[in-house]
Amino acid sequence: MVVVMLGAPGTGKGTISKLMSEYYEIPHIATGDLLRSYVNDNKKDFQIIKEYMANGELLPDIYLNEILEDRIAKIDTINGFILDGYPRTIKQAKNLENILRKRNMRLNAVINLDTPDEEIIERILNRVICPNCGSIYNLKFAPPVVEGHCDKCDGKLIKRDEDTEEKIQDRLRIYDEETKPLIEYYEKENKIFKVLVSSKTKMGKEVLKDITWYLEGK
Ligand code: ADP
């Protein structure tokens, strides 16, 4: 099963993708994580990539396509995967279709996570991540047991450079302009399921329940 996760930064895409990955026992492929580890390994063009990421801007496709295709080609995707952070443009959606076609796979569903902007900003400002294992914490709503340390691997938790209020506003604007058109694109294909993720309604595991209900009916 191949599932694409859509949603502005801070909607809980990473957290919910991880829950889905555990539930369905298929890998969670997050392009942001792939790129962060690529940059950490100082691979080709890492400086340029780092700059785009630090500004919260979309990376030109030439840098990302190969990294993504190589990741999807790994053996662990044989039963599918959860794709988080890709596609972000219609062009990328078409590229994904090509990659899947080459591998005799198809996109089963697109989950569109929706959260009010004020809540997104508050969440991102309180977000810390573990650079070692990718775990995500919220200092207000889901803090680690030991301050500053990852519950899972004891890595030192950090704030991402791009998680400042100004950069969040920029990323939300880029999301509206570049990524929102994808919702209509996938609606036409009848593949999209919209879920509201909010501390006032549902978060985390409760959202997972709704998503699995939808996917099982597919
Ligand atoms: P967030 O969802 O918090 O914006 P991600 O971890 O998904 O962050 O991505 C971090 C950065 O990596 C993005 O701001 C962008 O620079 C780059 N990136 C990730 N995925 C893509 C993509 N599909 N297309 C272009 N750039 C991307």
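Quick test of your reading of the structure: Leu35 fulfils all but one of (1) modelled with pLDDT of 95 or more; (2) touching a Ser or Thr at 6+ places or on another chain (Cβ under 6 Å). Name the failing condition by number.
That leaves (2) as the condition not met.
Scanning region 55-114 for residues that are at positive phi and near the ligand (Cβ under 10 Å from one of its atoms), which turns out modelled with the lowest pLDDT?
So the residue we want is Gly56.
Give me the pairs: first residue in region 167-181 and among the aromatic types (Phe, Trp, Tyr), second residue open to solvent by less than 60 Å² (accessible area, probe 1.4 Å) and within 9 Å of the ligand (Cβ to nearest atom), beta-carbon distance under 7 Å, and six or more apart or on different chains, which are they?
Every condition considered, the pairs that remain are Tyr175/Ala8; Tyr175/Pro9.
Under 8 Å between Cβ atoms, which residue pairs at least 6 apart in sequence (or on different chains) link something in region 16-27 that is more than 11 Å from Thr212 (Cα to Cα) with a partner that is open to solvent by less than 50 Å² (accessible area, probe 1.4 Å) and charged (D, E, K, R)?
If the second residue must be open to solvent by less than 50 Å² (accessible area, probe 1.4 Å) and charged (D, E, K, R), the pairs left are Ser17/Asp84.
Hey, can you tell me all the residues within region 138-147 that are closer than 20 Å to Arg171 by Cβ and either polar (S, T, N, Q) or surrounded by 18 or more Cβ atoms within 10 Å (Cβ to Cβ) (or both)?
Asn138
So, in region 172-184, of the ones that are in a helix (DSSP H, G or I) and not aliphatic (A, V, I, L, M), which residue ends up farthest from the ligand (Cβ to nearest atom)? Quick ask: steps written out before the conclusion?
First, pick out the residues of region 172-184 that are in a helix (DSSP H, G or I): 172-179, 181-184.
In the following step, the residues that additionally are not aliphatic (A, V, I, L, M) were identified as 173, 175-179, 181, 184.
Numbers: Arg173: 12, Tyr175: 8, Asp176: 13, Glu177: 13, Glu178: 9, Thr179: 9, Pro181: 14, Glu184: 18 Å.
Out of the qualifying residues, it is Glu184.
Give the residues of region 63-87 that are outside any loop (DSSP other than H, G, I, E, B) and open to solvent by less than 30 Å² (accessible area, probe 1.4 Å), sorted by residue number. Lay out the reasoning, then the answer.
We begin by selecting, within region 63-87, every residue outside any loop (DSSP other than H, G, I, E, B); these are 63-72, 75-77, 81-84.
Scanning region 63-87 gives Leu64, Ile67, Leu68, Ile72, Thr77, Phe81, Ile82, Leu83, Asp84.
Is there a residue in region 10-32 that is of a type in the set (Phe, Trp, Tyr), open to solvent by 50 Å² or more (accessible area, probe 1.4 Å) and near the ligand (Cβ under 8 Å from one of its atoms)?
In the first step, residues of region 10-32 are kept if they are of a type in the set (Phe, Trp, Tyr); the result is 23-24.
Those still in the list that are open to solvent by 50 Å² or more (accessible area, probe 1.4 Å) too: 23-24.
Now narrow it down to the ones that are near the ligand (Cβ under 8 Å from one of its atoms): none.
No, that holds for no residue.
Could you list, in sequence order, all residues of region 160-191 that are more than 16 Å from the chain's Cα centre (by Cα) and closer than 20 Å to Ala109 by Cα?
Pro181, Glu184, Tyr185, Tyr186, Glu187, Lys188, Glu189, Asn190, Lys191
Within region 115-129, take every residue that is assigned to a helix (DSSP H, G or I) and under 23 Å from Val3 (Cβ atoms) and give me the one that is modelled with the lowest pLDDT.
Going residue by residue through region 115-129, those that are assigned to a helix (DSSP H, G or I) are 117-125.
Among the residues that remain, those that are also under 23 Å from Val3 (Cβ atoms) are: 120, 123.
Working: Ile120: 94, Arg123: 90.
Restricting to residues being assigned to a helix (DSSP H, G or I) and under 23 Å from Val3 (Cβ atoms), the top hit is Arg123.
Test each condition in (1) surrounded by fewer than 17 Cβ atoms within 10 Å (Cβ to Cβ); (2) in a strand (DSSP E or B); (3) polar (S, T, N, Q) for Asn132 and report the one that comes out false.
(2)
Looking at region 185-204, which of the residues that are in contact (Cβ under 8 Å) with a residue 40 or more places away in the chain and of a type in the set (Val, Ile, Thr) is most open to solvent (accessible area, probe 1.4 Å)?
The residue in question is Ile192.
Failed condition for Gln169, given (1) modelled with pLDDT under 95; (2) open to solvent by 30 Å² or more (accessible area, probe 1.4 Å); (3) not in a helix (DSSP H, G or I), with all others met?
(3) is the only condition that Gln169 fails.
The values are calculated or read from the model by the stated rules, or taken from the named source; none is laboratory data. Quick caveat, the model's predicted, so the values are computed rather than measured. Here the Cβ is made from the backbone with ideal geometry for all residues, glycine too, and neighbour counts use every protein chain on show. With ligands, DNA and RNA removed, areas are computed over all heavy atoms of the protein, side chains included. Shrake-Rupley method; radii C 1.70, N 1.55, O 1.52, S 1.80 Å.
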